[in-house]
């Protein structure tokens, strides 16, 4: 009987498997091309985060949260002219923030921080709503007295103005510069989007409830304004009662939540470089 030999094919099998492994690692999306002032500001923020080495180009974590992000995008897209795109970034504290142009940034540690899929979905829906409401641009106009015509002329004036605005915008987003009224408005719109996407909108309420009495030093940045969480919970609960035809089918008990699991090799990642 002839014995088959496999030693030679094994020589090329290792690099083949390596290529397959690399190709299977989930990648960050490509940024939206610049077509107007919002996409230009969004690209300027993207460039700043990329140059700081914070954007995660590839990671198994993308596969974990991408189905949630895509479901939310499908429901939110009709309310905004540019496609929503979700990027993982690496920063010291769990956080998420959205910029003009449709980019939503999720700090990788937030995926370990949330306790269920509904809490993650509620956070993403909230951030998408800030973009729909154009809150970041409004905040810049309020704080820096930047006139609308200056923002509209950013493309004509070149990258310097857009870059300066982007640096300021990152600072505002990371310092929770939005008012409680603006945050509550994003909560309400976000709950509508979550419900339409099939995710229990009580997830954001559960997140607020969990940290109402927590030490502020232990809170992630997106919840560091927790003294307002009581009023935000009340606003959401009122909204749910006012629209029973939408929200009555969702279970308010956090024990009904869907677990959110992460891959074991999630620490494997590469960062986007300029």
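Between 52, 115, 145, the distinction of being more than 15 Å from the chain's Cα centre (by Cα), at pLDDT below 95 and on the phi > 0 side of the Ramachandran plot belongs to 145 only.
Residue under question is residue 81, and the condition is that it be surrounded by fewer than 22 Cβ atoms within 10 Å (Cβ to Cβ) and within 16 Å of residue 266 (Cβ to Cβ); does it hold?
no
Is it true that residue 72 is modelled with pLDDT of 90 or more, under 16 Å from residue 83 (Cβ atoms) and touching a helix residue (DSSP H, G or I) at 6+ places or on another chain (Cβ under 9 Å)? It is true that residue 72 is modelled with pLDDT of 90 or more, under 16 Å from residue 83 (Cβ atoms) and touching a helix residue (DSSP H, G or I) at 6+ places or on another chain (Cβ under 9 Å).
The set of residues from segment 250-274 being in contact (Cβ under 8 Å) with a residue 60 or more places away in the chain and assigned to a helix (DSSP H, G or I) comprises just one member, 254.
Residue pairs whose Cβ atoms lie under 7 Å apart, sitting 6 or more positions apart in sequence or on different chains, and linking a residue in segment 65-82 that is closer than 24 Å to residue 114 by Cα to a partner that is part of a helix (DSSP H, G or I) and at pLDDT below 95, are 65/111. Scanning segment 82-97 for residues that are more than 18 Å from residue 67 (Cβ to Cβ), touching a strand residue (DSSP E or B) at 6+ places or on another chain (Cβ under 8 Å) and either in a helix (DSSP H, G or I) or at pLDDT 90 or above (or both) yields 89, 90, 97. Of 60, 100, all but one fail to be surrounded by 13 or more Cβ atoms within 10 Å (Cβ to Cβ), modelled with pLDDT under 95, under 17 Å from the mean Cα position of the chain (by Cα) and more than 23 Å from residue 273 (Cβ to Cβ); the exception is 100.
The values are calculated or read from the model by the stated rules, or taken from the named source; none is laboratory data. Keep in mind that this is a model prediction, so the values were computed, not measured. All Cβ positions, glycine included, derive from the backbone under ideal geometry; neighbour counts span all protein chains shown.
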